[in-house]
Amino acid sequence: MQKILVANRGEIALRVMRTAKEMGIRTVAVYSEADRNMPFVRYADEAVCIGPAPSSQSYLRADKIIQVAKETGADAIHPGYGFLSENAGFSKAVADAGLIFVGPSAYSIEMMGSKIAAKQAAKKFNVPMVPGTEEPIQSAEEAIGIAKRIGFPILIKASAGGGGKGMRVVNNEEELEEQMRMAKSEALSAFGDDAVFIEKYVGAPRHIEIQLLGDQHGNYVYLFERECSVQRRHQKLIEEAPSSCLTPDIRKAMGESAVAVARSCNYHGAGTVEFLVDENLNFYFLEMNTRLQVEHCVSEMITGIDLVREQINIARGEKLSFSQADLKINGHSLELRVCAEDPMNNFLPDTGRLEMYQPPKGPGVRVDDGYEQGQDIPIFYDPMIAKLVVHAETRDQAIERLCRAIDEYYIKGIQTTLQFGKWAVQTEPFRTGNFDTKFIDKYFKPEYLQQENADAEKVAALLAGFVWTKERKQTATAQASQNGTSNWKLKRK
Ligand code: MV4
């Protein structure tokens, strides 16, 4: 592999190119008309514009991207996350074009993309699952029978859904028929597939996922867990590794279950298996994400492993160069997604210009960002502008480090989730590790940030006053020494 085309934009495109560069692999960027001046376009050895701003006309154009790969002599394509990364057809088209897809086979993507097929495959390996069905449910009568067996509330999930899309909670028998009908018609229009299944609804669970790597020779390792419970409308905001609630035994059991899921679909590459964890630390397989995830960095920080490097080596056909016994958790890592959103206004996306942009620095701080000062945040794509990642010896130190880094982070021109993050990690439930997926709903009020801003303004006003007084004193001192009066006398006044 000599040249990789990165079929993505922003921070993840840069992230992939950095590792490629370290490995002596040249890079090709593809970009939309809105992204002409983005850092990832400049960073690449070559860059080709593939179309107008909307993703459907640029970053989702599999045909164009493969054509550019051929024209530029790239021998591999890295899809990043989002866009075409979990598109089985794309993985296949890349392979059919004689190129290497830096990711899993179309077979694995397709199998894990169907939540019903994924559950059926995982079940054969005794992976724990929420009580429910591994078969599509056709009728309301069938659903009622199952619901009576497992007990309400239940969840109806679309087989082609995932990431929270196409889910419906049903509280009682009376609601069921109507909800079934709506779930199926919604699934059909959203995914072109009306297959749905049923699970017992687990209220207020934790969301914990296992990072894994598998090579093309059947070797697998898990790189421990990420705690992703701090999320809002299925959008994660804070991730950490390790989770503060797992014991070594449960960690090992979850890791081995995750590897079993990967084995069940002949997986190779970097992947993530999502689990629900209830208050008694029972864990249940939810779904597998067949890509590199946004939050992969926290796993890199605690293991010292570059996941993109491993992806590339696996795609080249190499064997994993380490085994499970070689992997140890080192310290604690936190990630805050810095999004152009206004937490005081329902996290509404905020577009505009990055009038000022100064990321934090110093020990244990990693910022994966995709924009520079002076740039406009386009409305066409994900509002995430950066990931603020910290690493420290202990969880408490990582929290302190994240707060310090947030204080150093200087962004003007758009609203961001920075102050929300500082509030969140300082709350009692977060500090004690006693939180679940309802954390934001349960504890967050926009007023907390307004208070924070008011405090910051007060500090700024005080500081301005202090500077003014100090300057005046200095002037007075200078005048005094000219007059021959001593400082001692001035200070007494
Ligand atoms: C669930 C659940 C409760 N019970 N399944 C949401 C994302 C998708 N991967 C599955 N999801 C859920 N599945 C059962 N049987 C609750 C959720 C869920 C959730 C899961 C992880 C993180 C945040 C969440 C927020 C709401 C619902």
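The values are calculated or read from the model by the stated rules, or taken from the named source; none is laboratory data. A quick note: this is a predicted structure, and the numbers were derived from the prediction, not measured. No Cβ is skipped: glycine too gets one built from the backbone with ideal geometry, and neighbour counts run over all protein chains shown. Accessible surface is based on the protein model in full, side chains and every heavy atom, while ligands, DNA and RNA are left aside. Shrake-Rupley method; radii C 1.70, N 1.55, O 1.52, S 1.80 Å.
Annotations for the structure displayed:
- Helix 395-408 vs. the chain, principal-axis angle (Cα, 0 to 90°, nearest 10): 60 degrees
- Partner aspartates and glutamates for LYS115 [C-alpha distance under 17 Å; skip if fewer than 8 residues away on the same chain]: GLU86, GLU134, GLU135, GLU186, ASP193, ASP194, GLU199, GLU209, GLU274, GLU287
- Heavy atoms of the protein chains alone define the surface here; on that basis the chain has 44 Å² accessible area per residue at 1.4 Å probe size.
- The order of the peptides 184-197, 303-316 by mean Cβ neighbours within 10 Å, most packed first, is 303-316, 184-197.
- A Cβ-based charge dipole, computed about the Cα centre of the chain with Lys and Arg at +1 and Asp and Glu at -1, lands at about 1800 debye.
- Remark: region 206-449 carries a charge dipole of roughly 120 debye about the Cα centre, counting +1 on each Lys and Arg Cβ and -1 on each Asp and Glu Cβ.
- Rounded percent of accessible protein surface that carbon and sulfur make up, region 131-200, 1.4 Å probe: 50 percent
- Highest average packing first - 202-215, 320-333, Cβ atoms within 10 Å: 202-215, 320-333
- Order by protection proxy (mean Cβ within 10 Å, highest first), peptides 290-298, 88-96, 110-118: 290-298, 110-118, 88-96
- Divided by 2.2 N^0.38 Å, where N counts the residues, the Cα radius of gyration of the chain comes to 1.10.
- Taking the convex hull of the alpha carbon positions in region 1-92 and averaging its projected area over all directions gives 5.1 nm².
- Atom-type composition of the exposed protein surface of region 3-102 places 47 percent of the accessible area on carbon and sulfur (1.4 angstrom probe).
- Among the protein heavy atoms of region 357-444, carbon and sulfur supply 45% of the accessible surface, probe 1.4 Å, non-protein parts ignored.
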